[in-house]
Amino acid sequence: MKPDPGICHSARLARDKRFDGRFYTAVKTTGIFCRPICPARPPLEKNVEYFLTAAEAAAAGYRPCLRCRPDAAPGSPAWGLVSTTVQRAVNLMRAEREAQSIEQLAERLGITSRYLRKLFAEHIGLSPLQVWQTERALFAFSLLRDTSLPVGDIAFAAGFNSLRRFNGVFKGIYQRTPSEVRRESVSAQPNDRGVKPIRIYLSYRPPFDWPALLAFFAARTLPGVEQVDAGDDPEQGEYLRSFELLGQRGLLRVAHEPDKERLRVSVYGDGCGAVLYPLREKLRRLFDLDTDSDEIRGHLQTDPLLKQVLKGAPGVRLPGAWDPFEYTLRAILGQQISVAAATTIAGRVASRYGETFTGPEGESLLLFPTAEQLRDADFSDIGVTRTRAKTLQTFVAATLNGDIDFNAADLESFCVQMTALPGIGDWTAHYTAMRGLSMPDAFPASDLGILIVLGDGERKATPKQALARAESWRPWRAYAALLLWQSLKTTPKPNSKSKPKKRLPK
């Protein structure tokens, strides 16, 4: 698939930020590809060609521009245009530190390796290995320029177990070695709160409502696991979280840099450089950084109700989750009780079954327990009913047995798996898919708040009526649900039987 040359031509001449990350301009005479916002003198149209992704441009033989840095562009929405299977394959590759063989990747997707190669060739004209290598080389470039990590550590962080292999792939794409790029870098990371972290930066495509995201997370933070430092200025607020990823434990601190249209992530912990790539992907989903807000707005504002709400909700984002298992467990806990009560009980689960470790400043940090750690938990001492405790045990067992697949191919498949468990209904399945898996078309139609908003003022709507109204909102029903909740003077608690709760301040 190729982008429209006319649109690309106009966008690059105007250096329109709204198109940053949507396409890349490759210059035939120089062999370089750039972002639309590149400050260099625009080349003649006869000397350029356009690509939807950086991987495609690199595979065509062009090397990334060192001025505009394609590695720093917002996530490309082009991946959303490919088939569901290719999208799942790309997500799986991004979630792992090392490259998987085509056979392993195909097996996880439930298809043959031959068919997977065919899909990649058909939809993006690249092999899975080409996509993996290009994305990892771009990531490595950002670490070379923005951090002081040794080149060998960067190679490992980018998923290469061989420094020689890393040098070969990197030079093939950038036409220079990693060491040469490092010598050109003038980046120096200062100490943060007396402890030197690793800094990475996550770009986004504006508008972006950081205060709204922080307010959402602040009402749901688990003591010892998460924290939101709001501060006096909402734009200066920070999000903190302890984590364990691929055996490495640490603490991350996320702050907003609105003038640079990016998030600054400070990662603390010995050995955490090795997990920077999967950590970055988790954070991009947590804060919904790859969303195309303009496209969603254009689609949803055709509905008069949503159009009115959108006026006060620029850059709506779908708050994600750090870990699908953790969030699903919390969603089950949240059935028929308030957000505050559910958060309190989830905190008990974390404190009683999770592990503690020492943070960068000697503080005690807590990790939310994994499914394996909860294998024998009876949940009788956390303040839930016997029925709810049984549902939690069943869910944990289903996760360990593979009956719940958090990489499910689509929304319907995941909801079928969830609702097959006793004590889990359609609302929980959709709300989990909406936030735990960041599925944009999930829609908890039985939610009380949604039914009130869609009612006639005297009577609330029925779930059937809500689904019928939401049909025109596809494939962005999850965002529509967020907007409907925002349209209330009070926000309902996250279950279909709860009473309204005071709306969180932005």
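DSSP loop (so not H, G, I, E, B), at most 14 other Cβ within 10 Å: list which trypsin sites (Lys or Arg not before Pro) in segment 437-473 pass both filters.
Listed in order of number, the matching sites are Arg459.
Could you give the dipole magnitude of the chain about its Cα centre, charging the beta-carbon of Lys and Arg +1 and that of Asp and Glu -1, in debye to the nearest 20?
780
Under the rule that a partner needs its Cβ under 4.7 Å from the first Cβ, which Cys of the chain have none?
So, Cys8, Cys272, Cys415.
Counting only protein heavy atoms, what percent of the accessible surface of segment 10-140 is carbon or sulfur at a 1.4 Å probe?
50
Bins of 5 Å, beginning at zero and ending with the bin holding the largest distance: percent of Cα pairs per bin for segment 55-144, please.
Histogramming segment 55-144 at 5 Å steps yields 2, 13, 25, 25, 19, 10, 4, 1, 0 percent.
First select every other residue whose beta carbon is under 13 angstrom from the beta carbon of Ala106; then total the charges, Lys and Arg +1, Asp and Glu -1.
With Lys, Arg at +1 and Asp, Glu at -1, the neighbours total +3.
When the helices in the chain are scored as -39500 (n - 2.57) per DSSP H run of 4 or longer and the sum is shared across all residues, what 222 nm value do you end up with, to the nearest 500 deg cm²/dmol?
-12500 deg cm²/dmol
Within the chain, which whole H helices from DSSP have a Cα span along their axis of at least 18 Å and a mean Kyte-Doolittle hydropathy of -0.5 or more, if any?
Flagged H segments are 128-146, 339-353, 386-401.
Roll a 1.4 angstrom probe over the protein heavy atoms and tell me the percent of accessible area of segment 252-374 that is carbon or sulfur.
47
If one puts a single equal scatterer on every Cα of segment 13-167 and applies the Debye formula without solvent, what log₁₀ I(q)/I(0) results at q = 0.11 Å⁻¹?
The Debye formula, applied to the Cα set alone, gives -0.46.
To the nearest 10 Å², what's Val267's accessible area with a 1.4 Å probe?
Val267 exposes around 0 Å² with every protein chain in place.
What's the Cα-based Rg to Rh of segment 84-210, Rh via Kirkwood?
On the way: Rg = 17.0 Å, Rh = 16.4 Å.
Dividing the radius of gyration by the Kirkwood radius yields 1.04.
Which percent of the Cα-Cα distances in segment 184-335 go past 24 Å?
Numbers: 4435 of 11476 pairs.
In whole percent, the share of Cα-Cα pairs in segment 184-335 beyond 24 Å is 39.
Given points 7 Å out from each Cα along the Cα-Cβ axis, report the Glu458 to Tyr115 separation in nanometres with one decimal.
About 5.5 nm, to one decimal.
Where only protein heavy atoms count, and the probe is 1.4 Å, what is the accessible area per residue for segment 269-322 in Å²?
Accessible area per residue: 35 Å².
Gap in Å between the Cα centre of segment 267-307 and the Cα centre of segment 3-32?
The distance from the Cα centre of segment 3-32 to that of segment 267-307 comes to 23 Å.
I'd like to check one number: the per residue accessible area of segment 337-458, probe 1.4 Å, reported in Å² as a whole number.
Value returned for segment 337-458: 43 Å² of accessible area per residue.
Could you point to the residue in Asn91, Ile111, Ala58 farthest towards the positive end of segment 36-144's charge dipole, with +1 and -1 charges on the Cβ of Lys/Arg and Asp/Glu respectively?
Ala58
Could you report segment 35-179's accessible area per residue, 1.4 Å probe, as an integer in Å²?
44
Once neighbouring chains are kept in place and the probe is 1.4 Å, which whole percent of the accessible area of segment 199-244 is contributed by carbon and sulfur?
C and S atoms contribute 47 percent here.
If amide H atoms are built 1.01 Å from N in the plane of the peptide, which residues on other chains or at least 5 residues away come under 5 Å of the amide H of Ile32?
Under 5 Å from the amide H of Ile32 lie the amide H atoms of Val27, Arg63, each far enough along the sequence or on another chain.
In segment 354-463, what GluC sites (Glu not before Pro) fall in a loop by DSSP, with at most 15 other Cβ atoms inside 10 Å?
On the way: sites: Glu355, Glu361, Glu363, Glu372, Glu412, Glu458; in loops: Glu361, Glu363, Glu372, Glu458.
Within segment 354-463, the qualifying GluC sites (Glu not before Pro) (loop, at most 15 other Cβ atoms within 10 Å) are Glu361, Glu363, Glu372, Glu458.
The values are calculated or read from the model by the stated rules, or taken from the named source; none is laboratory data. Note that the structure is a prediction, hence the values are computed from the model and not measured. Counting neighbours? That spans all protein chains shown, and the Cβs are built from the backbone with ideal geometry, glycine included. Side chains included, ligands, DNA and RNA excluded: accessible areas come from the protein's heavy atoms. Shrake-Rupley method; radii C 1.70, N 1.55, O 1.52, S 1.80 Å.
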